[in-house]
Amino acid sequence: MTKSIKVALLSGLVFPGIGHLALKQYLRGLVFLLAALAAMSVIVVKTVKQALAIVDSINSGEISVEPGAIVDMASMPISGTGDSTLNIASLVFVAVWIVGILDSYRLGADQEK
């Protein structure tokens, strides 16, 4: 297996930026890692807030403890949280991941030459 394939797999299967670190491109790898972590933290915070709102609704008796009611509540956006923030964070995370794979493959191929 070539170096470019290995680093692309590291970036694709482990986490964005890991392939760059394997290529000793530390600054570039750190940028990919931090961008992916920032986007992921926004996604996790928004998801936890929504889960806590559902738990509060169950505890207060607004919704019953039935899977259908919980799914309906989870599919509704929470008012005032900025639904577009979650979409943007998701797009950033996917874009960073894809660009990280392609860039690490390109850098690996350049180092093989």
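Readers should treat all values here as calculations from the given coordinates under stated rules, not as data from a laboratory. Keep in mind the model is a prediction, meaning the values are calculated, not measured. Neighbour counts run over all protein chains shown; Cβ positions are idealised from the backbone, glycine included.
Observations, loosely collected:
- Of all the numbered requirements in (1) free of Cβ contacts under 8 Å to residues at least 60 places away in the same chain; (2) surrounded by 13 or more Cβ atoms within 10 Å (Cβ to Cβ); (3) of a type in the set (A, V, I, L, M); (4) assigned to a helix (DSSP H, G or I), Leu52 misses one, and that requirement is (2).
- Put simply, of Leu86, Leu33, Leu21 the only residue that is buried (at least 17 other Cβ atoms within 10 Å of the Cβ) and touching a Pro at 6+ places or on another chain (Cβ under 7 Å) is Leu33.
- The set of residues from the range 1-21 being free of Cβ contacts under 8 Å to residues at least 60 places away in the same chain and either among the hydroxyl-bearing types (Ser, Thr, Tyr) or more than 13 Å from Trp97 (Cα to Cα) (or both) comprises Met1, Leu21.
- Scanning the range 7-18 for residues that are surrounded by fewer than 16 Cβ atoms within 10 Å (Cβ to Cβ) and in a helix (DSSP H, G or I) yields a single hit, Leu13.
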